[in-house]
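Here the structure comes first, spelled out in structure tokens, and everything after it is commentary.
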Amino acid sequence: MTDLATNPRHPAAVTLARVRLGAGGPPVAVRVADGRVTHVVPEQGAVEPAGPLAGEQVLDLEGRVLVPGLWDAHVHLAEWASARRRLDLAGTASAREAADRVRAHGRTAPDAGTVLFGYGFRDGLWPDAPDKRLLDAALPDRPVALVSADLHAVWLNSACLALVGRGDHPTGLVREAEGHEVLSVLPEVPAGTLDGWVADACRAAAARGVTGVVDFQYGDTVGAWERRSARFPPAVRVSAAVYPSHLEAAVARGLRTGSGIGAPGSLVRVGPLKLFTDGSLNTRTALCRDPYPGLEGTDGSHGIEQTAPHELVRLMRRAAAHGIEPAVHAIGDRANTVALDAFEAVRCRGRIEHAQLLSPEDLPRFAELGVTAGVQPRHATDDRDVADRYWAGRTGRAFAYADLLAAGARLEFGSDAPVSPLDPWLAIASAVARTDDDRPAWHPEQRLPVRDALAAAARGRRLIRVGDPADLVVVDVDPSAADLDTLRAMPVHATMTAGRWTHGPY
């Protein structure tokens, strides 16, 4: 594979002429050199270089729109790369329909020697329950492992349960930590193959205007990127998360959030420490103040506590003392309060991932504590029905992006891919419309203006300024004037990361 740093497609300097600066912005010329924006001048002006530069290139962009590079601030890259090649279970309306899809796939793609992986089922509203017997009837002789859309549950048949040493499991549906353990012992795709899939997924992301991702892939994410970045330099910047089991190794190496990984000039950096307070809405394991309907009086009726508050504070304090910022998964309102309390105790900057259901009194605490809300707008539209059932009477404070912005919080958009597709325009459109189908907007009071949604998808960047890293996206349609269908399918003409074209005709 060609190294982007030496690819002749990437000149030492380039001037982007006849381009509009941002959504609804004026016509300008923008000059890029050495990976940074060096000039932004009105269209009538001239870009005067400091001196002649080898490989200078001038491109006429014919009135297209230039916006800051987009980020996906929450991705599971290896799982997304794999899910693109797995049996798709999205849209299945029952456990039986999912099992029928497994049966049909097994007939067309027989391979008794491997595990059949599927991805994307959502059982929160199914009329029947996932059970190993349904999968046994569909495909009795081949191991089957189906991962839920929210990554918090795995449904296995008897052959796969035997493979992972859980042959006596009553239903075959394993959730949360047990699900992660099961997946970790299943046969893995060879590292070289997986690295190639990830590189391909990064190129596909660049084609949608993505210039960076925060990779929360479970495991030794830093080690995986140290391996793959040398052979498959990614087409996007990567911030690789650290999990608690690898925290002490990172501390011993002197790694900090922002430390470079790989060869000089690599686009890969160390990311945050990933911690969990609770589970998810679809599995009814998000930690809430009120019980889930139908579960009252049972163990886990309010969800689950993944990490005890005192342990959360200890881990955050240990990481922050060594320059590693925490990113805390919190979905239920009780979980978000616990996470904010921990940030208040430690007094460090960091992130809360998801922030799906919030108590009103917690809204201003994000800004007061300097905590970024890493949110996924597609979750609001994908989960509106399950939220209406299990968070009935509380959905006015669910996925409350407008309220968070009004309270001064910093929002950063992600997809949680493979939970939703790695495409920032889908997130932007969901935040703007609060619907992905023909139904009216769900809680329209929480809709965001296009410019605010674009900024959240660009890690807060609203403008392109001299001195900025040259992470830029050229689009064919002005986002501020686009209808929702066009916004979702935004035609991306070209993408530039660190001054190098990663997508487009140049």
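Things worth noting here:
- Selection over segment 455-506 of residues that are open to solvent by 20 Å² or more (accessible area, probe 1.4 Å) and not β-branched (Val, Ile, Thr) gives a count of 27.
Yes/no matrix, rows are residues, columns are (1) aromatic (Phe, Trp, Tyr); (2) surrounded by fewer than 22 Cβ atoms within 10 Å (Cβ to Cβ); (3) over 21 Å from residue 280 (Cα atoms):
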{"site": "116", "(1), (2), (3)": "no, no, yes"}
{"site": "126", "(1), (2), (3)": "yes, yes, no"}
{"site": "137", "(1), (2), (3)": "no, yes, yes"}
{"site": "144", "(1), (2), (3)": "no, no, yes"}
{"site": "153", "(1), (2), (3)": "no, no, no"}
{"site": "156", "(1), (2), (3)": "no, no, no"}
{"site": "163", "(1), (2), (3)": "no, yes, yes"}
{"site": "169", "(1), (2), (3)": "no, yes, yes"}
{"site": "175", "(1), (2), (3)": "no, yes, no"}
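- Within segment 225-265, the residues that satisfy the criterion of being more than 23 Å from residue 322 (Cβ to Cβ), open to solvent by less than 40 Å² (accessible area, probe 1.4 Å) and either modelled with pLDDT of 95 or more or of a type outside the set (A, V, I, L, M, F, W, C) (or both) are 228, 233, 234, 235, 236.
- Criterion (assigned to a helix (DSSP H, G or I) and open to solvent by 30 Å² or more (accessible area, probe 1.4 Å)) met by exactly one of 367, 402: 367
- Residues that are within 22 Å of residue 251 (Cα to Cα) and open to solvent by 60 Å² or more (accessible area, probe 1.4 Å) within segment 299-329 comprise 310, 314, 317, 318, 321, 322, 325, listed in sequence order.
- Residue 199 being over 21 Å from residue 415 (Cβ atoms) and either surrounded by fewer than 21 Cβ atoms within 10 Å (Cβ to Cβ) or modelled with pLDDT under 95 (or both): no
- Pairs, first closer than 15 Å to residue 96 by Cα and assigned to a helix (DSSP H, G or I) in segment 137-164, second of a type outside the set (Asp, Glu) and open to solvent by 20 Å² or more (accessible area, probe 1.4 Å), C-beta under 9 Å, six or more apart: 137/103; 138/101; 138/103; 138/104
- Residue that is modelled with the lowest pLDDT [pool: residues in segment 266-298 that are of a type in the set (Lys, Arg) and farther than 22 Å from residue 219 by Cβ]: 284
- The set of residues in segment 290-315 being closer than 30 Å to residue 394 by Cα and in a helix (DSSP H, G or I) consists of 309, 310, 311, 312, 313.
- The criterion of at least 2 residues that are modelled with pLDDT of 95 or more and at positive phi is met, among strands (runs of 3 or more DSSP E) falling completely within segment 1-80, by 57-68.
- Matching residues, segment 201-220, being touching a helix residue (DSSP H, G or I) at 6+ places or on another chain (Cβ under 8 Å) and β-branched (Val, Ile, Thr): 210, 213
The values are calculated or read from the model by the stated rules, or taken from the named source; none is laboratory data. Predicted model only: the values in this text are computed from it and were never measured. All Cβ positions, glycine included, derive from the backbone under ideal geometry; neighbour counts span all protein chains shown. When the accessible area is computed, the model is the full protein with side chains, heavy atoms only, and any ligands, DNA or RNA have been set aside. Shrake-Rupley method; radii C 1.70, N 1.55, O 1.52, S 1.80 Å.
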